[in-house]
1. Looking at (1) more than 8 Å from ligand 1 (Cβ to nearest atom); (2) at pLDDT 95 or above, which is the only condition Val114 fails?
2. Going through region 53-79 one residue at a time, which ones are in contact with a helix residue (DSSP H, G or I) (Cβ under 6 Å, 6 or more places away or on another chain) and in a helix (DSSP H, G or I)?
3. Would region 104-113 turn up any residue that is of a type in the set (Lys, Arg) and surrounded by fewer than 21 Cβ atoms within 10 Å (Cβ to Cβ)?
4. Which one is surrounded by the most Cβ atoms within 10 Å (Cβ to Cβ), of the residues in region 159-183 that are within 10 Å of ligand 1 (Cβ to nearest atom) and among the hydrophobic types (A, V, I, L, M, F, W, C)?
5. Hey, can you tell me all the residues within region 175-198 that are over 18 Å from Val114 (Cβ atoms) and more than 6 Å from ligand 3 (Cβ to nearest atom)?
6. Only one of Lys172, Lys215 is within 10 Å of ligand 3 (Cβ to nearest atom) and at pLDDT below 95. Can you tell me which?
7. Are there any helices (runs of 4 or more DSSP H) wholly within region 100-217 with 3 or more residues that are touching a Cys at 6+ places or on another chain (Cβ under 7 Å) and in contact (Cβ under 8 Å) with a residue 60 or more places away in the chain, and if so which?
8. On the basis of being touching a helix residue (DSSP H, G or I) at 6+ places or on another chain (Cβ under 8 Å) and either among the aromatic types (Phe, Trp, Tyr) or away from ligand 3 (no atom under 14 Å from the Cβ) (or both), does Ala160 make the cut?
Amino acid sequence: MNWDALKTKACAHHLSVLGGFHPSADDIVPQGCQTLILLGPNEPAFWPAFIASGEYTDGAANPLDRWSTRVVGALAQELNATALYPFGGAPYHPFYTWALRTGRIHASPINFLVHDRAGLFVSFRGALCLKDKIPLPAAPPNPCLTCPDQPCRTACPVGALTPEGYDVVGCKDYLDTAAGADCLTSGCAVRRACPVSQRFGRIPAQSAFHMRAFKGD
Ligand code: B12
Ligand code: SF4
Ligand code: SF4
């Protein structure tokens, strides 16, 4: 298995390989994991595939988590790897820390993760633990270092998400107001303000789906 073959196989499942790393003794990973790979939705193709799936249309709870379990699980089986998921309740697997370990996903000025291609819209559907140490490509530069205006710092209309922290209650209160409909239907204004996110092609309906889940509707 090599990086390009992995990307091709993931793409066939509407997933994107967002980065990987070779765990050291300090990393919290399953025993025998030689390479950890982070998978996200392959956007924009992912959304039409997901809403056509049985998990989305059956009306049962947690459709995206169930879709991820089936699809990432199948990919893991194909690759003789172990699948791990970011959801499922505490204690959570440390996806944030793993993301930083890839060297191509960074802590942005507002601490949400930022990826060289997905920007602040980066998110994970699962991880693969490979038994082999596969060569990884060099990480592209951190986009924040060449982002002159850093609009993420000031884009939240109520100052709930800034470099000083994330006021989750303040954010959710705003989503309950008429003015908050923009964040609710198009996605977090901070994540949308990032120039890298804007080039990514995230479908607003996908953001609306996540925002509804976040708000608890
Ligand atoms: C609990 C949780 C939340 C909580 C609390 C977040 C918090 N304060 O950390 C709440 C419900 C608020 C939340 C909200 C969202 N989250 Co969240 N969340 C998680 C979850 C499930 C667990 C985090 C955790 O405890 N990990 C276990 C700890 C031990 O390990 P760790 O993650 O490596 O720990 C580091 C981080 O917690 C970090 N950290 C500490 N404080 C904070 C604060 C913030 C704001 C961040 C980003 C990180 C962070 O420091 C720790 C050490 O390095 C992770 C998935 C996961 N498994 O990690 C997603 C995750 C962090 N969330 C994610 C997302 C997408 C969101 C939402 C944007 C989703 C949405 N729109 O519906 C929203 C934000 C709403 C918005 N404004 O758009 C993404 C990351 C996105 C990004 N670009 O950074 C993750 C990785 C899930 C995924 N499947 O991709 N989330
Ligand atoms: S807006 Fe600029 S500084 Fe903020 S996360 Fe995006 S690239 Fe980084
Ligand atoms: S969803 Fe809207 S209110 Fe909440 S942090 Fe993002 S921009 Fe601010």
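1. Single failed check for Val114: (1).
2. Scanning region 53-79 gives Glu55, Tyr56, Pro63, Arg66, Trp67.
3. No, that holds for no residue.
4. Result: Cys183.
5. Start the filter on region 175-198 by keeping residues that are over 18 Å from Val114 (Cβ atoms), which leaves 175-186.
Within region 175-198, Leu175, Asp176, Thr177, Ala178, Ala179, Gly180, Ala181, Asp182, Leu184, Thr185, Ser186 qualify.
6. After ruling out the rest, the residue left standing is Lys215.
7. Numbers: elements: 168-175, 181-186, 189-193, 195-198, 204-215.
Per the criteria, no element qualifies.
8. no
The values are calculated or read from the model by the stated rules, or taken from the named source; none is laboratory data. Keep in mind the model is a prediction, meaning the values are calculated, not measured. For neighbour counting, all protein chains shown are included, and Cβ atoms are generated from backbone atoms with ideal geometry for every residue, glycine included.
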